[in-house]
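> Take a look at the following structure, please.
No lab work stands behind these numbers, since they all come straight from the coordinates. Keep in mind that this is a model prediction, so the values were computed, not measured. Positions of Cβ are backbone-derived with ideal geometry, glycine not excepted, and every protein chain shown enters the neighbour counts.
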Amino acid sequence: MELKQIESFVRVAELGSFTKAAIALGMPQPLLSRHVRQLEVELRQNLLLRNGRGVTVTEAGLVMLEHGRGILHQVTVAQEELASVRGALTGRVSIGLPPSLSKLITVPLTFSFRDQLPQSQLSLTEGFSVPMLESLRAGRLDMAVLYNPPPSPDLEMTVLHEDALILIAGKKAKLAGAVLQPKVALSALFDLPLILPSRPNAFRLLIDTEMQRLNRKPHIVLEIDGLNAILELVKEGLGYAVLPAYTLSNFAKPKDFSTHRIERPQLLSQLMLVWSARRPMTTTHKAAQRVTQEVVGQALLGHTLGQAQPG
């Protein structure tokens, strides 16, 4: 097997198309097809099924895809480690960010990478926890910032920040016969019309779990998988949100909202930096972890545990 054959197969399998893979690799499509076919002949297995819409990966192809990604990653690690011997932190680092944090840290993270890792290439991807965990395991991401990831033997993780979710209300919200206090018990949320992300969003899972402990279910009037969209609806008085305090930094006019600390119990959320335990970390990756930890820490400075100010 040759590296070019493996790289060609992996890219075709990931993109599901010879045409797209040829463009991505900057390679003539006939040469790409020849590389993949040579690999199949050598392995005596059909790795891909060709059809009019592209390709699908066979069972043997899935096994080869996992090994192929590992081989290519090892080659990249070797190249970067050799470069580090010369004192250069080079190579590509792909980091996944959650939507609630992306706007807050994308710019400072990019500037920090340019300052501290000028010869490396940063790739940022915004996404939710479940697909980012899959990307970490598949090698499409080197690391990701995730909320409350489940423990797993194939993942390493470290805590970046711990916070408590708060209740966010729009100034137009009307609560019949009552006024929300600066601090509210979780039980006070039972009958509030909530606008929440759908499962398996990490915040939603945390809310559902803690309410189930009290033998109640949240009263959900809308499920929206977009934090800015949730806040827009909350601003108009159509419901209440339960999110970290720093999500309001994504919004142009935070004063349009009032915030209320949730107690008895608090909805504690951990923000973690997660990476694969199966793939060795290069010197560049380790430096990228340090930079990410610094940037997230600075970005969330002042957003202390459960901090909320009534408006």
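> Per residue, what volume in Å³ does the convex hull of the Cα atoms of the chain enclose?
That works out to 160 Å³ per residue.
> Could you give the length gained on full extension between residue 122 and residue 19, defined as 0.36 nm per residue of separation minus the Cα-Cα distance, in nm?
The residue 122-residue 19 span can extend by a further 34.5 nm.
> Per 0.36 nm of contour for each residue apart, how much would the distance between residue 264 and residue 29 grow if the chain were fully extended, relative to their Cα-Cα spacing?
The residue 264-residue 29 span can extend by a further 78.4 nm.
> Hey, any idea what Rg/Rh is for region 23-68, computing Rh the Kirkwood way over Cα pairs?
0.97
> Here's something else I'd like to know. Could you calculate the FRET efficiency of residue 50 with residue 217 from 1/(1 + (r/R0)^6), where r is the beta carbon distance between them and R0 is 51 Å, rounded to 0.05?
For R0 = 51 Å, the calculated efficiency reads 0.55.
> So, one more: Sorted from largest down, give the three principal axis spans of the alpha carbons of region 163-269, whole angstrom values.
Principal-axis extents of the Cα atoms in region 163-269, largest first: 35, 32, 25 Å.
> Something else: Order of 37, 44, 279 from fewest to most other C-beta atoms within 10 Å?
44, 37, 279
> Mind pulling the per residue volume of the convex hull built on the Cα atoms of region 97-202? Å³ is fine.
Output value, Cα hull per residue: 159 Å³.
> Oh, and also: Which links in 235/255; 171/253; 171/217; 171/255; 4/286; 172/253 stretch past 19 Å when you go from one Cα to the other?
Result: 171/217; 4/286 exceed 19 Å.
> Here's another thing I want to ask about it. Provide the net charge surrounding residue 1, with neighbours chosen by a C-beta distance below 12 Å and charges set as Lys +1, Arg +1, Asp -1, Glu -1.
Around residue 1, the charge tally is -3.
> I would also like to ask the following. Mind sorting 73, 219, 285, 35 by how few other Cβ atoms lie within 10 Å of their own Cβ, fewest first? Mind showing how you got there, number by number?
On the way: 73 17, 219 14, 285 23, 35 20.
By the 10 Å Cβ count, ascending: 219, 73, 35, 285.
> I need the calculated FRET efficiency for the pair residue 4 and residue 162, taking r as the beta carbon distance and R₀ as 45 Å, to the nearest 0.05.
The value I calculate is 0.45.
> So between residue 225 and residue 298, what do we pick up on full extension, going 0.36 nm a residue minus the alpha carbon distance?
Net length gain for the segment: 23.6 nm.
> Compute the Kirkwood hydrodynamic radius of region 3-81, taking the inverse of the mean of 1/r over all pairs of distinct Cα atoms, and give it in Å to one decimal.
12.6
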